[in-house]
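**Student:** One structure, pasted below without further comment.
The values are calculated or read from the model by the stated rules, or taken from the named source; none is laboratory data. For clarity, every value in this text was computed on a predicted model and none was experimentally measured. Please note: Cβ atoms are built from the backbone with ideal geometry, for glycine as well, and neighbour counts cover all protein chains shown.
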Amino acid sequence: MFYYIDGYNLIFTLTDTKSPLIHQRKTIIKFLQKQFSLLHLQGMLVFDGSHTRHEESGLSYASPLDIAYTPKGQTADEYIVEKLEWHRQKTPTTVISNDQGLGRHARALGAKTQSTESFIRYLEKKKTKRPTKSYEPKDTPRNIERLLKIFEEKLGE
């Protein structure tokens, strides 16, 4: 499954902070990069407008989550629709946004849709389901005897 995420829609839905938009953007990027990496997901987080000079471009992030800033005059919705039209039927795709117009257009192009809130719940649920593997090495009695013999020989020398 490939995810297209409407970046500002996600930020404005999830955050209720007065911090500068650039900080909110960086926070959501880091959070999603970590989640996508941990859960082996692939997708693209799309923001309206170009990035500022002191921000990394989308191709600079080493993550299964690409970051895209739309060209001047194009909205994130238009960018996502364009990508859906271009890659139609190649990969199962889900669009993450609360924008109902974008959702209708995405479904008409064969993509699934999901609200930002349910997507975050999905990430949290999927993250908690992943069992942590703990490995404790165990030696066989035969191997312990072999190592004890080697140790005793070395001690005798």
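**Student:** Step by step: first the residues of the range 72-121, then only those that are crowded, with 16+ Cβ neighbours inside 10 Å and aromatic (F, W, Y), then the one that is farthest from L32 (Cα to Cα). Which residue is that?
**Tutor:** The residue in question is Y79.
**Student:** Right, something else. Here's a check for you: in the range 8-36, which residue that is among the basic types (K, R) and farther than 17 Å from D48 by Cβ is modelled with the lowest pLDDT?
**Tutor:** For the range 8-36, the residue satisfying everything is K18.
**Student:** Where residues in the range 21-39 are within 12 Å of G7 (Cα to Cα) and either within 9 Å of the chain's Cα centre (by Cα) or among the small types (G, A, S) (or both), which of them is surrounded by the most Cβ atoms within 10 Å (Cβ to Cβ)?
**Tutor:** Per the criteria, the residue is L32.
**Student:** Here's another thing I want to ask about it. Count, please, the residues in the range 67-104 that happen to be modelled with pLDDT under 90, within 21 Å of the chain's Cα centre (by Cα) and among the charged types (D, E, K, R).
**Tutor:** Of the residues in the range 67-104, 1 are modelled with pLDDT under 90, within 21 Å of the chain's Cα centre (by Cα) and among the charged types (D, E, K, R).
**Student:** State which residue pairs qualify: first residue more than 11 Å from Y3 (Cα to Cα) and inside the range 92-104, second residue not in a helix (DSSP H, G or I) in any location, beta carbons under 6 Å apart, and separation of 6 or more residues or different chains.
**Tutor:** N98/S115; G103/T113
**Student:** Quickly run through the range 139-156 and pick out the residues that are among the charged types (D, E, K, R) and within 47 Å of the chain's Cα centre (by Cα).
**Tutor:** Within the range 139-156, D139, R142 qualify.
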